[in-house]
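Since the structure comes first, as structure tokens, the remarks are kept for the end.
The values are calculated or read from the model by the stated rules, or taken from the named source; none is laboratory data. As the structure is a prediction and not an experimental result, all values here were calculated from the model. When we count neighbours, we look across all protein chains shown, and the Cβ atoms used for this are built from the backbone with ideal geometry, even at glycine. Only protein heavy atoms, including side chains, enter the accessible area calculation; ligands, DNA and RNA are left aside. Shrake-Rupley method; radii C 1.70, N 1.55, O 1.52, S 1.80 Å.
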Amino acid sequence: MTSSETNRDAVPDPGRSAEPGQAGSPSWELLLPAASAPARTRGRSLQAALREAVRTGRLAPGTRLPSSRDLAADLGVSRGLITEAYEQLTAEGYLRSGRGAGTWVGGAVRAAPPRARDLAPRSPGARADFVPGTPDLSLFPRAAWAAAQRAVLAELPHQDLGYPDPRGLPRLRTALAELLARRRGVVADPERIVIVSGVAQATTLLGFALHARGLRTVGVEDPGSPQHDALYASAGVTTVPLPLDGEGVVVGPLRDSGVRALVTTPSHQFPTGIAYSARRRTELLDWARSVDGLVLEDDYDGDFRYDRAPVGALQGLDPEHVAYTGSVSKSLAPGLRLGWLLVPQALADEVVERKRTMDLGHPALDQALFAHFVERGDYDRQLRRCQRTYRERRDVLVAALQEHFPGAEVGGIAAGLHVIAALPHRYGPQDTFLARVAAAGVAVRPLTDYTHARAEHEGSGGVRLVLGYAHLSPAGIRAGVRLMAQASGA
């Protein structure tokens, strides 16, 4: 053999069979772990290993595979296993073969390298994060939850693991009816409670029900939750922003808008922090009755009032004109994706049918677990624990603002998981303040992020911030406010 022939043989040639271990050819050692698998799973393991090698590019398109006899001998397995693997992957499109021409890696695979991105909403790299909406996840009652899970798994009837009632397990709906009537003053018929994946799904279900009845618009508070626009749009319903005053949504613009459905957060308006007055609650119900309309009450943090007992839910005054929704997102953890929706009788069938076609019901095991948690009083204990913790942290935040931002005013009632902080004009303009604190690593949201009339407020010299505190320790709150004050330059 000449020198030139030796060099030529050392270069991978797609027209030649690649021998195991040959320099410059594909390495068949990648199949050795599969070849060492137990006999009963060895065939499937070889197929999976070959499939993955093609999918990830370790075996490039056009690579010729060894004959089944040669590869079987090299791996120490039966030729039948290799033949079966080649035939299976050829049928799937990973390989191609021709009679008498051998087996080759096909060109159909276009898989990108596997990657799992995390799209969870966070403030990456923030030294202090005052973005509202997140509870203290370290307060999740892991021991009590685990005990409830063990108990439920031991006692749950086999049939309860089948497809559930789309409204939810009767056991949970009954437990929730008692809890909500006792704590929030709602009129809670278990037959009209629907277990949902949080307030977001409740909102979407109501949007579909309204659309089915011919409604194409729904009123929303301005300022208010920015999520409503997209959630209702997914159901074909457009949101109409309606202004607030110190008592709640202003009824005059509401009547003039022509909408027949309105989304509200009357117990603790998000984000302004006000509680609707008794007069405004009555006016809203009068409006709903006059237009045969619907008030959609989002009671997102109604259990957390720190200066007095929480005001009862609006739904208790007129359950036929108010749909009520809540969840465990602020009391336990948003990752549980567990909430409830109480619907007026007139909408019940439509909402339940939409829930059934959407997901065939909420996971039965999660429902049984939460029912057990509520029945034993564990949920009441968790609410009391959160209330004590969040009240302390709110007090710490208010004191820190007074210390580091003299003249700052904290608006809204003493409740929930956030405050509105209005800083004196010397800390403005707002866009300059926000740029400075962001550069210092402080994540904050201005009130203008939650209002449709952004331009009207951005031109003023003052700074109005929506500051979340529940997820921060007292020390973290103090340090964050101090850092924000240092960065403000005032």
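Points to keep in mind about this one:
- Residue in the range 198-211 that is over 30 Å from ARG255 (Cα atoms) and not small (Gly, Ala, Ser) present: no
- Among the residues of the range 148-174, those identified as over 19 Å from ASP378 (Cβ atoms), open to solvent by 40 Å² or more (accessible area, probe 1.4 Å) and not aliphatic (A, V, I, L, M) are PRO157, HIS158, GLN159, ASP160, TYR163, ASP165, ARG167, PRO170.
- Looking only at residues in the range 258-281 that are surrounded by 15 or more Cβ atoms within 10 Å (Cβ to Cβ) and in a helix (DSSP H, G or I), the one that is nearest to the chain's Cα centre (by Cα) is ARG281.
- Taking the criterion of being β-branched (Val, Ile, Thr) and open to solvent by less than 50 Å² (accessible area, probe 1.4 Å), the residues of the range 326-369 that qualify are VAL328, VAL343, VAL351, VAL352.
- Qualifying residue in the range 189-208 (condition: assigned to a strand (DSSP E or B) and open to solvent by 20 Å² or more (accessible area, probe 1.4 Å)): no
- Top-ranked residue in the range 175-188 [being open to solvent by 20 Å² or more (accessible area, probe 1.4 Å) and aliphatic (A, V, I, L, M); ranked as nearest to ASP292 (Cα to Cα)]: VAL187
- Filtering the range 187-219 to residues that are without any contact (Cβ under 8 Å) to a residue 60 or more places away in the chain, more than 20 Å from PRO319 (Cα to Cα) and touching a Ser or Thr at 6+ places or on another chain (Cβ under 7 Å) leaves ARG216, THR217.
- Candidates SER4, SER25 - the one that is modelled with pLDDT under 90, part of a loop (DSSP other than H, G, I, E, B) and not acidic (Asp, Glu): SER25
- Looking at THR103, THR83, THR134, THR90, just one residue is in a loop (DSSP other than H, G, I, E, B), of a type in the set (S, T, N, Q), surrounded by 15 or more Cβ atoms within 10 Å (Cβ to Cβ) and touching a residue at least 12 places away in the same chain (Cβ under 8 Å), and that residue is THR134.
- Selection of the range 303-325 for residues being part of a loop (DSSP other than H, G, I, E, B) and either of a type in the set (D, E, K, R) or open to solvent by less than 10 Å² (accessible area, probe 1.4 Å) (or both) yields ASP303, PHE304, ASP307, ARG308, ALA313, ASP318, GLU320.
- Against the test of being within 25 Å of the chain's Cα centre (by Cα), in contact (Cβ under 8 Å) with a residue 60 or more places away in the chain and crowded, with 18+ Cβ neighbours inside 10 Å, the options ALA400, ALA415 yield a single qualifying residue, ALA415.
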